[in-house]
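Read the structure below first, then the notes.
The values are calculated or read from the model by the stated rules, or taken from the named source; none is laboratory data. Source: prediction; values computed, not measured. Here the Cβ positions follow ideal geometry from the backbone for every residue, glycine too, while neighbour counts run over all protein chains shown.
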């Protein structure tokens, strides 16, 4: 590996945004035929660095060399000409179009003035076979799985001649099986002469696939080393700057009576089709029930139905024995339901409000925050200061706008607000999405604390490691139905992954409704 030539070298890259140095004299190099992981906390500057390499940002200082030549990458088109491709975390696909139409968009092969679709389909099929991607060129994006959509993104970069591929958090929305398949594809790409940069904060994946790892913390490179000479604990410590416990200390659950009862819930999705199809489950006091499933199987609609944000067509929802089916959001909140929403920007915070107001979004109309119809800012300020200190929310002040905080601190603020309501049921949807190991450790401890205090926690997550580690019981959702329930100590990633794609258990295997 050391003898391989350097295909990318970034020297002393500095990039500033208002009030922050995102990259501070960063040095990074990629060798021919290697997978080089770029590891860092949320907001450490790793995506900024790669956006500079792909021409989406321009650095204030520093030089970039591609294949030994100094280059100025003034936009993605220049990056593509230099053989650099980027597979983004959020796919950039046109859903009604076919796979081929998406891949050739902007680079269509012409037959006279018309697009030569026959030639395009053949080219896509050939590339797909060469790299073991197995994509149907004629399928529309709407018809294929999330994992297949990602393969289309990979094919888009290969079609444009990329030899250097940047993968930005590529496993965020994949099942365990799809993650395994992606790792196989990445190895095949490298075998055929490609070089890969992998942006991630998942230590397990780095250990499984990367040759080298560069750790970035607060815009600076902390270390760059071969993966073979390190371990997850060491990487976590370098990434966060302190020792991090990767194993959760959790005593056995002490179960109480049912507190959330969902019976035969039917809810329509955005196209008027059933998103929840007679979904039933029970959540008891003192337990964390993990809901496992591939994204888009009714989880978002379930959260909205349980919190009064989406109408219920039939079925019932009971909280502590009281039927609250179809109640308004405020009624449900006052009945003891708290929500850590899956999209913290859309449903968790008002980004242009100061932190003090964000801490009372659901309780501002109640005493002590409201006196005679007027907000009591002295009480609000005291409340905000207490929660920010208790939950270690890093913010310059309670008057700082929510949008100025990092993702991890925004999430801590939401959790502080929701937990402080002392809920009967805490719905935690994607509680650690996009966060680093330090923030994840903090949030996991808080969820287990709630469960130990006899609260009922419904955990909805696409991270199987999180589901396995936190849950006392796991329910699997597929196409809006609960297709099975398992004990985390009696299952593994592979079995759960099969259930999540509704692979039927062999005779004798337990599949409970």
Selection status of residue 398, crowded, with 18+ Cβ neighbours inside 10 Å, assigned by TED's automatic domain parsing to the domain that holds residue 378 and touching a strand residue (DSSP E or B) at 6+ places or on another chain (Cβ under 7 Å): yes
Residue in the stretch 140-147 that is more than 19 Å from residue 178 (Cβ to Cβ) and either under 25 Å from the mean Cα position of the chain (by Cα) or assigned to a loop (DSSP other than H, G, I, E, B) (or both) present: yes
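Can residue 153 be described as closer than 23 Å to residue 102 by Cα, touching a strand residue (DSSP E or B) at 6+ places or on another chain (Cβ under 8 Å) and assigned to a helix (DSSP H, G or I)?
Yes; evaluated as a whole, the condition is true for this residue.
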Strands (runs of 3 or more DSSP E) wholly inside the stretch 198-277 containing at least 1 residues that are outside the structural domain of residue 17 (by TED's automatic domain parsing) and exposed (fewer than 15 other Cβ atoms within 10 Å of the Cβ): 258-268
The one condition in (1) free of Cβ contacts under 8 Å to residues at least 24 places away in the same chain; (2) part of a helix (DSSP H, G or I); (3) in contact with a strand residue (DSSP E or B) (Cβ under 9 Å, 6 or more places away or on another chain) that residue 158 fails to fulfil: (1)
Count of the stretch 284-314 residues which are touching a helix residue (DSSP H, G or I) at 6+ places or on another chain (Cβ under 9 Å) and part of a strand (DSSP E or B): 4
Those residues of the stretch 369-406 which are free of Cβ contacts under 8 Å to residues at least 12 places away in the same chain and over 18 Å from residue 43 (Cβ atoms), in sequence order: 370, 371, 372, 373, 374, 375, 376, 378, 379, 382, 386, 389
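Can we say residue 357 is at pLDDT 95 or above, more than 30 Å from residue 172 (Cα to Cα) and out of contact with any helix residue (DSSP H, G or I) (no Cβ under 9 Å at 6 or more places or on another chain)?
Criteria not met by residue 357.
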Flag for residue 394 being more than 21 Å from residue 334 (Cα to Cα), out of contact with any helix residue (DSSP H, G or I) (no Cβ under 8 Å at 6 or more places or on another chain) and in a loop (DSSP other than H, G, I, E, B): no
Within the stretch 448-463, tally of residues that are closer than 14 Å to residue 292 by Cβ, in contact (Cβ under 8 Å) with a residue 40 or more places away in the chain and surrounded by fewer than 21 Cβ atoms within 10 Å (Cβ to Cβ): 0
Selection from the stretch 335-344 of residues that are closer than 16 Å to residue 359 by Cα and out of contact with any strand residue (DSSP E or B) (no Cβ under 8 Å at 6 or more places or on another chain): 344
Residue count for the stretch 161-182, restricted to those that are assigned to a loop (DSSP other than H, G, I, E, B), in contact with a strand residue (DSSP E or B) (Cβ under 8 Å, 6 or more places away or on another chain) and under 25 Å from residue 108 (Cα atoms): 2
Residue tally, condition surrounded by 13 or more Cβ atoms within 10 Å (Cβ to Cβ) and in a strand (DSSP E or B), over the stretch 323-350: 4
Residues of the stretch 34-46 classified as at pLDDT below 95 and either in contact with a strand residue (DSSP E or B) (Cβ under 6 Å, 6 or more places away or on another chain) or over 27 Å from residue 209 (Cα atoms) (or both), total: 5
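Residue-wise test of (1) within 20 Å of the chain's Cα centre (by Cα); (2) buried (at least 17 other Cβ atoms within 10 Å of the Cβ).
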site	(1), (2)
374	no, no
389	no, no
419	no, yes
466	yes, yes
478	yes, yes
483	no, yes
Index of the failed condition, residue 90 passing every other in (1) under 25 Å from residue 342 (Cβ atoms); (2) out of contact with any helix residue (DSSP H, G or I) (no Cβ under 8 Å at 6 or more places or on another chain); (3) surrounded by 15 or more Cβ atoms within 10 Å (Cβ to Cβ): (3)
Tally, over the stretch 126-143, of residues that are under 14 Å from residue 101 (Cα atoms) and crowded, with 17+ Cβ neighbours inside 10 Å: 3
Among (1) more than 30 Å from residue 204 (Cβ to Cβ); (2) touching a helix residue (DSSP H, G or I) at 6+ places or on another chain (Cβ under 8 Å); (3) in a helix (DSSP H, G or I) - the single one residue 122 does not satisfy: (2)
Residue check, residue 11 modelled with pLDDT of 95 or more, touching a strand residue (DSSP E or B) at 6+ places or on another chain (Cβ under 6 Å), part of a strand (DSSP E or B) and at positive phi: no
Qualifying residue in the stretch 95-107 (condition: at pLDDT below 90, assigned to a loop (DSSP other than H, G, I, E, B) and within 23 Å of residue 7 (Cβ to Cβ)): yes
